Every structure is written in C-alpha cells, then in structure tokens.
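Accompanying notes for the structure given below.
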Amino acid sequence: MPEHREFDFRFKVHQAIQSGAMFRYNNGDPALFNPVADAILDRFIELARRGVLNDPSSEKTHCALVRRPIEVVSKLLADFARKGTRLIGGKPHDLCVLPTGNCWSSTGNS
C-alpha cells in the first residue's frame, strides 16, 4: 500500500520492532504463504512451551523461522503448480536485525 511509505507508518513499525514485536513482511502470495507461516510459528511456540526449543534467542533460530515457510511454499509450488504460475520460488533469503542494530543472515544477505 503506497501510504505505508509515509513516515507515520514506518515509525510505527520501528516502534514495534524496538519493543520486541515480530512482524512478517510478505510480497509473494499471502493466501499460500500465511497459513504455512502460521503453522510453523505455532509449532515454534509449542516447542518453546515444552522447553525443548534449541536456543530460541539466537540469530540462526530466528533466520530459520523466517526462511522455513518460504522454503516450504516454494517446494509446494514446485511440486504441484503448473509451470509459469509460481509467485513464490527461487533462492530464499533471510535477515535478522539484532538489538544492537547489527544484521546477520544465513543466506549471505547481511
């Protein structure tokens, strides 16, 4: 949405990030992506609830959390969608912005 470029919207996103909120940016196919991302996040939360989540605060964990839904939907489309109809695919990227302001990526995007 064009109005999201305006300062007030960007400032609200900045405030949310500074308060520790997690948000999802998606410019592919929300109807395919969001249910998969929700399911993976729900399992992430369940693993945390059980106390078995491996290093929940690490950059590696957070990047895997944002990258995995893209990988799943991309593979789903590669396996089941007709050629030329994929909106999600190619090489997935991840980027974790640390509280220090430094960035980390498992896919070389920092």
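Please treat every number below as a calculation from the coordinates, not as lab data. Not measured: the values here are computed from a predicted model. Virtual Cβ from ideal backbone geometry, glycine too; neighbours counted across all protein chains shown.
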Note to self: Nothing charged except the Cβ atoms of Lys and Arg (+1) and of Asp and Glu (-1): what's the magnitude of the dipole of the chain about its Cα centre? Round to the nearest 20 debye.
What the structure shows: 300
Check: How big, in percent, is the set of alpha carbon pairs in the range 1-52 lying more than 19 Å apart?
Finding: 50
Margin query: Once you keep just the Cα pairs under 8 angstrom separated by 6 or more residues, what percentage relative contact order results for the chain?
Written below: 20
Next item on the list: Identify which of R43, R68, R82 has the largest mean-square fluctuation in a Gaussian network model of the chain, with springs joining Cα atoms closer than 10 Å.
Entry: R82
Next item on the list: Among (i) 15.7; (ii) 14.0; (iii) 13.3, find the value of Kirkwood radius over Cα pairs in Å that was calculated from the structure presented, and write down its label.
Entry: (i)
Next item on the list: Check cross-link reach from K91 to the lysines: straight Cα distance under 16 Å, and skip same-chain residues fewer than eight apart.
Entry: K75
Margin query: Run the numbers for V13 and Y25: contour at 0.36 nm per residue of separation, minus the present Cα-Cα distance, in nm.
Written below: 3.2 nm
Notebook entry, point to check: Given G90, S106, A64, which one lies farthest toward the positive end of the charge dipole of the range 63-110, if we put +1 on the Cβ of every Lys and Arg and -1 on the Cβ of every Asp and Glu?
Noted result: G90
Notebook entry, point to check: What aspartates and glutamates sit close enough to K60 to cross-link, taking a C-alpha to C-alpha distance under 15 Å and skipping anything fewer than 8 places away on the same chain?
Noted result: D94
Check: What list of ³J(HN,Hα) values in whole Hz, one per residue of the range 6-20 in order, does the Karplus curve 6.51 cos²θ - 1.76 cosθ + 1.60 (θ = phi - 60°) give from phi, with Gly and Pro shown as x?
Finding: 6, 3, 4, 5, 5, 5, 5, 5, 4, 4, 5, 5, 5, 7, x
Item checked: Gaussian network model of the chain, springs between alpha carbon atoms under 10 Å - residue of F11, F44, F33 with greatest fluctuation -> F11
